[in-house]
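Read-outs: derived from the displayed coordinates by stated rules, not from any lab. Just so it is clear, the model here is predicted, and its values are computed rather than measured.
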Amino acid sequence: QKSPGKKDYPKFPSECCANKKFTRSVEYKTTGYKLSPDRKKIEFKDGFKAGVFELWTSRDLVWYSEQQISRVRVVRRADGYYCQFLVNVERKETHNFEGNVVGIDLGLNAFYTDSDGNAVNNPKYLRRSEKRLKKLQRRVSRRHEKGKKPQSNNYHKARIQLARHHLKISRQRKDHGVKTARALTQSHDLVVYEDLKVSNLVKNHHLAKSISDASWYQFTQWLEYYAKLHGIVCIAVLPHFTSQNCSNCGQTVKKSLSVRTHKCPHCGYVADRDHNAAKNILAKGLEILGAIVNSTEGHSESGGDPFAEHSEGKATGEPDLWRA
Ligand SMILES: [Zn+2]
């Protein structure tokens, strides 16, 4: 029997499904579960598993009223069960507008290079974790015997180890992405990045690994999230010619991916390839911003607008990419 207000999600499959994904979830709206008064335990009536479960929380649920909790989801991961609470709270950060604008080039060498020439590298622990991932992947395939049913215990042990390590890496990547995105939005009033069509790039096998490893897409999602939280402008621009054009004179300087330094034969400007690209990305973003501000009818002047000096009134931007 279904209880009203509960979504009809599939039940967890049995533990032996080796080929299925590890993540499964059951979702509740307002019924089907009950929190203890001290919010340290949760009781499920059906769906997940009837019974009382202890909650090990990272944030104290005591601060939220029952009305604020609009959804509860039980998720199975490689290392156990997780209970997620969707809590309705207004989150807003105060932002000090200081006129700092930045363009970032998401790269293969550094995680990103900004328009001031600073490079933020992938953390060492992530690179170490990725080495271990390869090792564990090899172990799993070594222990797999084709056509054998059931597979050996050693195979299953290795498989579970690999799944747990995948989980660890995805948490490390997320952690790094969140921290980096938050730091960028805290210290800038405008962030411009390349709208990389990751799905297109992943088809290129040479680039595929680095791209998925760097988790750019996830990072840009966090960037958008924190930009909204801080009330700043975040713009995605098309990546066309950002690495080929000279950020100083605008001329095209063709170079292959292996050429790491931009040397302009037209104006003599020399810069790191990614630094030059980041400057072009910032310029593109400012151009879009200028076009949008000038095309908005009846917008009022606001004192101390940090972008005002950059608005050049060009109507050739890409306003469909506006994502403030
Ligand atoms: Zn030049």
note = Cα-Cα pairs in the stretch 24-87 separated by more than 13 Å, as a whole percent of all pairs, come to 62
inquiry  = In Å and on Cα atoms, what radius of gyration and Dmax does the stretch 49-151 show?
reply    = 22.7, 64
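As a test of the definition: which semi-axes, in Å, follow for the stretch 212-265 when you take the square root of five times each eigenvalue of its alpha carbon gyration tensor? Largest first, please.
Those come to 29, 16, 8 Å.
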inquiry  = With every atom except the alpha carbons ignored, what do you get for Rg and Dmax of the stretch 104-153, in angstroms?
reply    = 18.8, 58
task = Please turn the phi angles of the stretch 43-58 into ³J(HN,Hα) values with the Karplus equation 6.51 cos²θ - 1.76 cosθ + 1.60 (θ = phi - 60°), one per residue in order, whole Hz, x for glycine and proline.
result = 10, 9, 8, 7, x, 7, 5, 5, x, 9, 10, 7, 9, 9, 9, 8
query = Could you give the distance between the Cα centres of the stretch 81-130 and the stretch 146-160, to the whole Å?
reply = 39
task = May I ask which of 29/92; 41/157; 124/149; 174/228 have a Cα-Cα span longer than 29 Å here?
result = 41/157; 124/149
remark   = Once phi for every residue in the stretch 222-231 is put through the Karplus expression 6.51 cos²θ - 1.76 cosθ + 1.60 (θ = phi - 60°), the whole-Hz ³J(HN,Hα) values, with Gly and Pro written as x, are 5, 4, 4, 4, 6, 4, 5, 4, 8, x
key: For the stretch 54-105, the spread of Cα positions along each principal axis, largest first, Å   = 48, 31, 17
ask   = In whole Hz, what ³J(HN,Hα) sequence does the stretch 249-266 give by Karplus (6.51, -1.76, 1.60; θ = phi - 60°), x for Gly and Pro?
value = 10, x, 6, 7, 10, 5, 7, 7, 4, 7, 7, 8, 10, 8, 10, 8, x, 7
ask   = Do you know the relative contact order of the stretch 24-87, to the nearest whole percent, from alpha carbon pairs under 8 angstrom that are 6+ apart?
value = 32
